[in-house]
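Notes to accompany the following structure.
Read-outs throughout are calculated quantities, based only on the coordinates presented, and are distinct from any laboratory measurement. These numbers come from a predicted model, not from an experiment. Note: ideal-geometry Cβ built from the backbone for every residue, glycine included; neighbour counts use all protein chains shown.
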Amino acid sequence: MQLQSSDLKDAAAKGIITSGQAEELWDYLSGQTQNIPGFNFTHILYYLGGLVAIGAMSLFMTLGWERFGGWGILAIALAYGGVGLALTHFFLYRKGLAIPAGIMAAFVVVLTPLAIYGLQAGMGWWAAGHPYREYHTRIDWCWVMMELGTLAVAVVMLWCYRLPFSVMPLAVTLWYMSMDLVPFLFGGPQSHSDWTLHWDLRKFVSLYFGLLMVLLAFWVDIRSRHGKDFAFWLYLFGVLTFWGGLSLMNSESELNKFIYLCINLGMIAVGALLSRRVFAVFGGLGTAGYLGHLAYDVFKDSLMFPFVLTLIGFGIILLGILWQRSEVRIASAMRAALPSALRELIERRM
């Protein structure tokens, strides 16, 4: 539930609290939430500036940087990393600004693959024709060592500073690894049949790697249920990886397609249970995709399908109305059967 100053003013107008209490309570709540990410102008500036800086050292890296050579790139990455560490410490411990500190910590982690690339190039261990800018656009086994190093630095930064936004580059790196592991473990395809096998392996690795990321996110969510949200980015990229692999698995079987629908409906239910919109978004996309398959393939010449689908939609709305009437009683009974840690997590999100 989101509380706004207008809600407190309405409560004061109705005599529930005084105007002075409303102002004091709003000042207190504003102070308590200043380090919680929100959609306000200050936080937008924080994230915009941070993402521009992070993008400059990652996605938007130009080929001109290759002129510095490996040792030059390593030196620049270490210098930037030192500045990022100093700013992380300054923002967090001197100014008490957790959001800018988290962005600087993420900036340090993002610099790690650049530093490792510079070291490898400087030592002569890097193959020609693989500039650093392709790290974010090309799937290749040669990035795996850079990804492992990035994960290690991300874990250290999390251990030292405990800032949720620094999980973002860790989650992105795990997503990259889910794509680069197949060529790393099985080599590249040599023939058309190898390409088919390679593609199937990628889908399965993406599916199971994403599932493991989601389970890791859930474990982190349970462990941090009383504090900061460290699981958000893991959920986002875990669901993206899992759902991407699942959706790419083509099947001629209608039963398998129906199972795909059920999985997506289950994701929507999990999203509602854990208050994680990412499950609902991708589950909704998958459900829409299955309904599109029914409309354009299975019932493409049917006159009744749109009417039946409309009735199903109205039925779901009616189910929502019935659920709302008994939501408190049913939800309380369901939560009582859950483990205490999961129950506390759900109640905290309500």
Item to complete: Over segment 89-219, calculate the relative contact order: mean separation of alpha carbon pairs under 8 Å at least 6 apart, over the residue count, as a percent.
Response: 26 percent
Discussion item. Taking the alpha-carbon distance from Lys228 and a cut-off under 22 Å, which lysines remain once sequence neighbours fewer than 8 residues away in the same chain are dropped?
Written reply: Lys95
Item to complete: Determine which lysines satisfy two conditions relative to Lys14: a Cα distance under 26 Å, and not lying fewer than 8 residues away in the same chain.
Response: none
Practice prompt. For the chain, return all DSSP H helices satisfying: extent of Cα atoms along own axis at least 27 Å; mean Kyte-Doolittle hydropathy at least 0.5.
Written response: 69-89, 98-122, 167-186, 192-223, 254-274, 305-336
Worksheet entry | Environment charge of Leu294, counting only residues whose C-beta is closer than 11 Å and scoring Lys/Arg +1, Asp/Glu -1 | 0
Response to the item:
Within the set Ala331, Ala13, Ala217, GNM on the chain using Cα springs under 10 Å gives the largest fluctuation to Ala13
Practice prompt. Averaging over all projection directions, find the projected area of the Cα convex hull of segment 53-322 and quote it in nm² with one decimal place.
Written response: 18.8 nm²
Fill in: Neighbourhood net charge (14 Å Cβ-Cβ; Lys/Arg +1, Asp/Glu -1) for Ile73
+1
Discussion item. Sort Asp10, Asp301 by Cβ crowding within 10 Å, fewest neighbours at the top.
Written reply: Asp301, Asp10
Discussion item. Going by amide H atoms built from the backbone, whose H comes under 5 Å of the H on Lys228, apart from near neighbours?
Written reply: none
Discussion item. I want the local charge near Gly96. Using Cβ-Cβ distances under 15 Å, sum +1 for each Lys or Arg and -1 for each Asp or Glu among the other residues.
Written reply: +4
Worksheet item: What Kirkwood radius, in Å to one decimal, follows from the Cα pairs of segment 163-307?
Response: 16.8 Å
Worksheet entry | Expected 222 nm ellipticity per residue - DSSP helices of 4 or more, -39500 (n - 2.57), all of the chain, to 500 | -24500 deg cm²/dmol
Discussion item. With 10 angstrom as the radius, rank Met123, Met168 by how many other C-beta atoms surround their C-beta, starting from the fewest.
Written reply: Met123, Met168
Item to complete: May I ask you to compute the full-extension gain from Arg67 to Leu216, defined as 0.36 nm times their residue separation minus their alpha-carbon distance, rounded to one decimal in nm?
Response: 49.6 nm
Worksheet, complete the sentence: Per-residue Cβ contact counts at 10 Å, fewest first, order Met304, Met249, Met61, Met267 as Met304, Met249, Met61, Met267
Practice prompt. With a cut-off of at most 14 other beta carbons within 10 Å, and DSSP calling the residue loop, which trypsin sites (Lys or Arg not before Pro) in segment 85-185 qualify? Please list them.
Written response: Lys95, Arg138
Discussion item. Below 8 Å, C-alpha to C-alpha, sequence gap of six or more: please give me the relative contact order for the chain in percent.
Written reply: 11 percent
